[in-house]
Amino acid sequence: MNNFEFKNPTKIIFGKDTIEKVNEEIPQDAKVLMLYGGGSIKKNGIYEQVKNALTGVEVVEFGGIPANPEYETLLKALQVIKDENITYLLAVGGGSVIDGTKFLSSAALYEGDTPWDILTEKIKTEKGMPFGTVLTLPATGSEMNSGAVITRKETKEKLGMGGPGLFPQFSILDPQVIVSIPQRQLANGLTDAFTHVLEQYMTYPVGGLLQDRFAESILQTLIEVAPKVVKDPSNYEAASNFMWSCTMALNGLIKQGVPGDWAIHMMGHELTALFGIDHARTLAVVTPSHYKYNFEAKKEKLAQYAERVWNVTEGNQEDKAYAAIEKTEAFFHQLGIDTKLSDYTSDYKGTAEEISKRFTDRGWNGIGERQALTPQDAEKIVKMTY
Ligand code: NZQ
Ligand code: ZN
């Protein structure tokens, strides 16, 4: 096992009817900017619950943060923070609203002229404006981590940012929120969380026995609850296990002391930036090809995953490893998620070359768990997804 240091300061408030507790977490003298997305919270009652809980607190609102939070929109929110002397941010939404809020937390205290530099120059946020979240969509884990991904439509870019100053102070996780989530977003959430675990697990063995079993248990739980969540989102037991699995998949715990891959996300983010494909679906497109291309380097963990998660007992190590890729792809299909780029766009020609060029331009010359994948490798992997 590799050395590690681990601190996660986010307070989780989990369970039925917990949204009313938001009031206990926000300083009473704060001036709050409540941020939300395209309006789902106004239809499903979450908006009222939050507003009622905030009675007596000074609140300004900013709605309209789109999926794949957009820089131009966020700049408008930044202006509100400055004009209204906001001191505290409250995200009410899924990963997009929470990520947008993290960007604002950082940008509000940023001293440079152009906040986009936080992303392009990889500026780590040591201190941001304090913020909390009310999660409405289990998927990204953003509610308990310090990362964010921001999109700039103008330039078709989608870049990551983060730093120890960007953990939410608290996150409220009421699994009942999932009843109003459309099927497509439920499938996305399951797929995203599943892939988060894979990114931190499907590498090479380093004797992280507990981390491996944490990862496998999250995968097994997601597989077990997926059909139940999709069939009946009001099944509270399934909903609560789904929600907690998504948070645990990317709150920093399972990655400690083990290598991480993240190449699937790096290629996937480009597919969202270029074609607007939902984040989770880009991961389902890249994963099978990525594992086939890197079969030799990953076959030990692939075989372990086949045995322990999918109960594959037949064949040698390579057979099992190959079966693992097939099982994973079948799991995505079972959720109604297509796994070829051509299922999403007919305009895919040249995509692999474009992604390879972008990686080269950014100096991403070695990605994956061994920093061994070059832009040319990424090009070949993306071609395999057509
Ligand atoms: O905008 P509204 O109207 O609220 O509708 C949203 C949106 O259309 C809807 N929704 C959310 N909660 C709902 C609901 N509809 C009905 N009932 C509810 N309770 O769902 C749609 C998608 O929401 P979004 O927040 O975009 O989804 P998700 O949570 O999947 O977030 C995706 C974003 O997170 C980034 C992705 O790249 C993408 O931009 N990621 C963030 C990560 C992180 N910070 O750690 C890691 C991930 O790998 C990912 O990259
Ligand atoms: Zn993801």
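The values are calculated or read from the model by the stated rules, or taken from the named source; none is laboratory data. Note that the structure is predicted; figures quoted are calculated from it, not measured. Every residue, glycine among them, receives a Cβ derived from its backbone with ideal geometry; neighbour counts consider all protein chains shown. When the accessible area is computed, the model is the full protein with side chains, heavy atoms only, and any ligands, DNA or RNA have been set aside. Shrake-Rupley method; radii C 1.70, N 1.55, O 1.52, S 1.80 Å.
Once fully extended, how much extra length lies between Ala372 and Lys292, figured as 0.36 nm per residue of separation less the alpha-carbon to alpha-carbon distance? Mind dumping the intermediate values first?
Working: separation 80, 0.36 × 80 = 28.80 nm, distance 1.57 nm.
Length difference between fully extended and current span is 27.2 nm.
Normalising the average separation of contacting C-alpha pairs (under 8 angstrom, six or more residues apart) by the number of residues puts the relative contact order of the chain at 15 percent. Rounded to the nearest 0.05, the FRET efficiency derived from the C-beta distance between Glu314 and Lys7 at R0 = 56 Å is 0.80.
When the surface is traced with a 1.4 Å probe over the full set of protein chains, Asp343 keeps roughly 80 Å² accessible. Here the Karplus relation 6.51 cos²θ - 1.76 cosθ + 1.60, evaluated at θ = phi - 60°, turns the backbone of the stretch 186-192 into coupling constants of 5, 4, 4, x, 4, 5, 5 Hz, with x for every Gly and Pro. Here each label is just a point 7 Å from Cα along the line to Cβ, and for Lys327 and Asp113 those points are 5.6 nm apart.
Overall, the stretch 182-384 carries a charge dipole of about 160 debye about its Cα centre when +1 sits on the Cβ of Lys and Arg and -1 on the Cβ of Asp and Glu, all other atoms neutral. Here the gap between Ser342 and Tyr236, fully extended at 0.36 nm per residue and compared with their Cα-Cα distance, gives a gain of 34.5 nm. Could you provide, to the nearest whole Å², the per residue accessible area of the chain with probe 1.4 Å? So the chain comes to 42 Å² accessible per residue, rounded to a whole number.
Name the GluC sites (Glu not before Pro) in the stretch 289-386 that are in a loop by DSSP and that have at most 14 other C-beta atoms within 10 Å, would you?
Working: sites: Glu296, Glu300, Glu307, Glu314, Glu318, Glu326, Glu329, Glu353, Glu354, Glu369, Glu379; in loops: Glu314, Glu369.
When the GluC sites (Glu not before Pro) of the stretch 289-386 are filtered for loop state and at most 14 Cβ neighbours within 10 Å, Glu314 remain.
Charges at C-beta only: +1 for Lys and Arg, -1 for Asp and Glu. How large is the resulting dipole of the stretch 159-228 about its Cα centre, in Debye rounded to 20?
Details: 3 positive and 6 negative charges, 24 e Å.
Computed charge dipole of the stretch 159-228: roughly 120 debye.
Positive end of the dipole of the stretch 182-384 (Cβ unit charges, origin at the Cα centre): among Trp364, Met384, Gln200, the Cα lying farthest that way belongs to Trp364.
At a 1.4 Å probe radius, carbon and sulfur cover how many percent of the accessible area of the chain?
Values: 7760 of 16140 Å².
In the chain, the share of accessible area belonging to carbon and sulfur is 48 percent.
Counting each DSSP H run of 4 or more residues in the chain as -39500 (n - 2.57), what helix-only mean residue ellipticity at 222 nm follows after dividing by all residues, to the nearest 500 deg cm²/dmol?
The helix contribution divided over the chain gives -15000 deg cm²/dmol.
Per-residue SASA remark: Met129, around 20 Å² accessible (1.4 Å probe; ligands, DNA and RNA not included).
Given a cut-off of under 8 Å on Cα pairs at least six residues apart, what relative contact order in percent is computed for the stretch 182-384?
Details: 260 pairs, mean separation 46.6, N = 203.
Averaging sequence separation for qualifying contacts and normalising by length gives 23 percent for the stretch 182-384.
Axis of helix 95-109 versus longest Cα principal axis of the chain: the two differ by about 60°, to the nearest ten degrees. The label-point distance for Glu353 and Tyr386, in a model that sets each label 7 Å from Cα toward Cβ, rounds to 1.1 nm. What the phi angles of the stretch 274-284 give under the Karplus curve with 6.51, -1.76 and 1.60, with θ = phi - 60°, is a coupling list of 7, 10, x, 5, 3, 3, 4, 5, 5, 5, 5 Hz, glycine and proline written as x. For Gly64, the residues 5 or more places off, or on other chains, whose built amide H falls under 5 Å of its own are Tyr36, Gly37, Gly38, Gly39.
Report, for the chain, the % of DSSP beta bridges that are antiparallel, rounded to 5.
25
Per-residue SASA remark: Lys320, around 30 Å² accessible (1.4 Å probe; ligands, DNA and RNA not included). I need the shape label for the chain. Rule: rounded when a/c is under 1.5, else prolate if a/b > b/c, else oblate, with a, b, c from the alpha carbon gyration tensor. Prolate.
Sorting Lys156, Lys122 by solvent-accessible area of protein heavy atoms yields Lys122, Lys156, largest first, with a 1.4 Å probe.
Taken about its Cα centre, the chain carries a charge dipole of about 220 debye when Lys and Arg each add +1 at the Cβ and Asp and Glu each add -1 at the Cβ.
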